[in-house]
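K.L.:
Here it is, the structure, as structure tokens.
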Amino acid sequence: MLNLVLFGPPGAGKGTQSAKLIEKYGLVHLSTGDLLRSEIAAGTALGLEAKKLMDQGMLVPDAVVIGMIDSKLNANKNAGGFIFDGFPRTIAQAEALDQLLAGHNEGIQCMLSLRVTEEELTRRLLLRGKDSGRADDQDESIIRKRIQEYENKTAQVAGYYAAQGKLREIEGIGEIEVIFNALCAEIEA
Ligand code: ADP
């Protein structure tokens, strides 16, 4: 199995690059943001609770996203591999992911981290907010809050994978195809 973590701040291009990577490598895409938005659309209790936090740019509790990933891993036992997008976002989530994968005799091969400046992130997210309809993309102060959550709780997750020798950094500003080729080169190395 090929199991990858695609990492980077909100607006780094994880969704765009995931779509291309799953097509090329035949992976199952697990985006906790997408899973949470499906819960919201379905009007579940979990979705309603999560929405309050997401609309404020805050992370949802670890147990919620870990539970969602656990059930998706169990539901896709024959997958050729997974691409984790927007997860893990805390050290606790990274530890839980290692444990869950170990339960399937699997592990993460590498974390691909997209590097983008804060100025460019804000520009992209506001642009996306114009037609994505995402409440958390509309307001500059909420975007700033999400970037702050990233800096306070998520950025350190890169160190967790670096300590295992699995962190690969890729320049996230430039043409989509050029970034994609850089990601593929790291995967194949
Ligand atoms: P982006 O990468 O653009 O911030 P996502 O779709 O990945 O967008 O996430 C949207 C929101 O969903 C986050 O701001 C957060 O509230 C919540 N969320 C998604 N994944 C996680 C996670 N792994 N842990 C906690 N909260 C999460």
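The values are calculated or read from the model by the stated rules, or taken from the named source; none is laboratory data. Nothing here was measured: the structure is a model prediction, and the numbers come from that model. Reconstructed Cβ throughout: ideal geometry from the backbone, glycine too, with neighbour counts over all protein chains shown. When the accessible area is computed, the model is the full protein with side chains, heavy atoms only, and any ligands, DNA or RNA have been set aside. Shrake-Rupley method; radii C 1.70, N 1.55, O 1.52, S 1.80 Å.
K.L.:
Using the beta-carbon distance between Glu95 and Ile176 and R0 = 30 Å, what value does 1/(1 + (r/R0)^6) give for FRET efficiency, to the nearest 0.05?
P.N.:
0.40
K.L.:
Count charges around Glu118 for me, please; just the other residues with Cβ under 14 Å from its Cβ, Lys/Arg as +1, Asp/Glu as -1.
P.N.:
Details: positive: Arg115, Arg123, Arg124, Arg144, Lys145, Arg146; negative: Glu119, Glu120, Glu140, Glu149, Glu151.
With Lys, Arg at +1 and Asp, Glu at -1, the neighbours total +1.
K.L.:
If you take all C-alpha pairs in segment 2-188, what percent of them are over 28 Å apart?
P.N.:
Considering segment 2-188, 20 percent of its Cα-Cα pairs are separated by more than 28 Å.
K.L.:
Can you list residues whose amide H is under 5 Å from Phe82's amide H, if they're 5+ apart or on another chain and H is modeled 1.01 Å from N?
P.N.:
The answer is Leu2, Asn3, Leu4, Val28.
K.L.:
Mind ordering 159-165, 120-126 by average Cβ neighbours within 10 Å, highest first?
P.N.:
120-126, 159-165
K.L.:
Taking H placed 1.01 Å from N in the peptide plane, check which residues at least 5 places from Phe7 or on another chain put their amide H under 5 Å from its amide H.
P.N.:
Sorted by chain and number, the residues that satisfy this are Leu112, Ser113, Leu114.
K.L.:
Also: Starting from the Cα gyration tensor of segment 140-189, take the square roots of the eigenvalues, sort them a ≥ b ≥ c, and report rounded, prolate or oblate (rounded when a/c is under 1.5, otherwise prolate if a/b is larger than b/c, else oblate).
P.N.:
Since a/c reaches 1.5 but b/c is at least a/b, the shape of segment 140-189 is classed as oblate.
K.L.:
Okay, next question. Check every DSSP H run in the chain and write down those whose alpha carbon atoms cover 30 angstrom or more along the long axis and whose mean Kyte-Doolittle hydropathy is 0.0 or greater.
P.N.:
Helix filter hits for the chain: none.
K.L.:
Which aspartates and glutamates does Lys20 reach when only Cα atoms under 20 Å apart count, and residues fewer than 8 places away in its own chain are ignored?
P.N.:
Answer for Lys20, where 20 Å is the Cα cut-off: Asp34, Asp85, Glu169, Glu171, Glu175, Glu177, Glu186, Glu188, listed by chain and number.
K.L.:
Using a 1.4 angstrom probe, figure out how much accessible area the chain has per residue, in square angstrom, rounded to the nearest whole.
P.N.:
On the way: 9210 Å² over 189 residues.
Heavy-atom SASA per residue in the chain reads 49 Å².
K.L.:
With respect to the cross-link table entries Lys77/Lys166; Lys130/Lys166; Lys14/Lys166, which display a Cα-Cα separation exceeding 29 Å?
P.N.:
Values: Lys77/Lys166 24 Å; Lys130/Lys166 36 Å; Lys14/Lys166 18 Å.
Pairs exceeding 29 Å: Lys130/Lys166.
K.L.:
Could you work out the percent of alpha carbon pairs in segment 1-67 separated by over 20 Å, rounded to a whole number?
P.N.:
Percentage above 20 Å: 37.
K.L.:
Moving on to the next point. Quick one: dipole size for segment 2-188, taken about the Cα centre, charges +1 on Lys/Arg Cβ and -1 on Asp/Glu Cβ, in debye to the nearest 20.
P.N.:
220
K.L.:
Could you work out [θ]222 nm for the chain from helices alone, using -39500 (n - 2.57) per DSSP H run of at least four and dividing by all its residues? Round to the nearest 500 deg cm²/dmol.
P.N.:
The per-residue figure over the chain is -17000 deg cm²/dmol.
K.L.:
All other residues with a Cβ under 13 Å from the Cβ of Asp137 taken together, and with Lys, Arg as +1 and Asp, Glu as -1, what is their net charge?
P.N.:
Computed value for this residue: +4.
K.L.:
Give the cross-link partners of Lys145 among the aspartates and glutamates, using a straight C-alpha distance below 17 Å as the criterion and excluding same-chain residues fewer than 8 apart.
P.N.:
Filter leaves Asp55, Glu118, Glu119, Glu120, Asp136, Asp137.
K.L.:
Determine the equivalent ellipsoid of segment 65-158 by diagonalising the alpha-carbon gyration tensor, then write out the semi-axes as square roots of 5 times the eigenvalues, largest first, rounded to whole Å. Don't jump to the answer; show the numbers that get you there.
P.N.:
On the way: eigenvalues 171, 46, 29 Å².
Value: 29, 15, 12 Å, ordered largest first.
K.L.:
Rank by packing, highest mean first: peptides 15-21, 131-137, with packing defined as the count of other Cβ atoms within 10 Å averaged across residues. Walk me through the numbers on the way to the answer.
P.N.:
Details: 15-21: 18.1, 131-137: 14.1.
The packing order, highest mean first, is 15-21, 131-137.
K.L.:
Quick one: with all protein chains in place, what share of the accessible area of segment 2-188 is carbon or sulfur, to the nearest percent (1.4 Å probe)?
P.N.:
Result for segment 2-188: 51 percent of the exposed heavy-atom area is carbon or sulfur.
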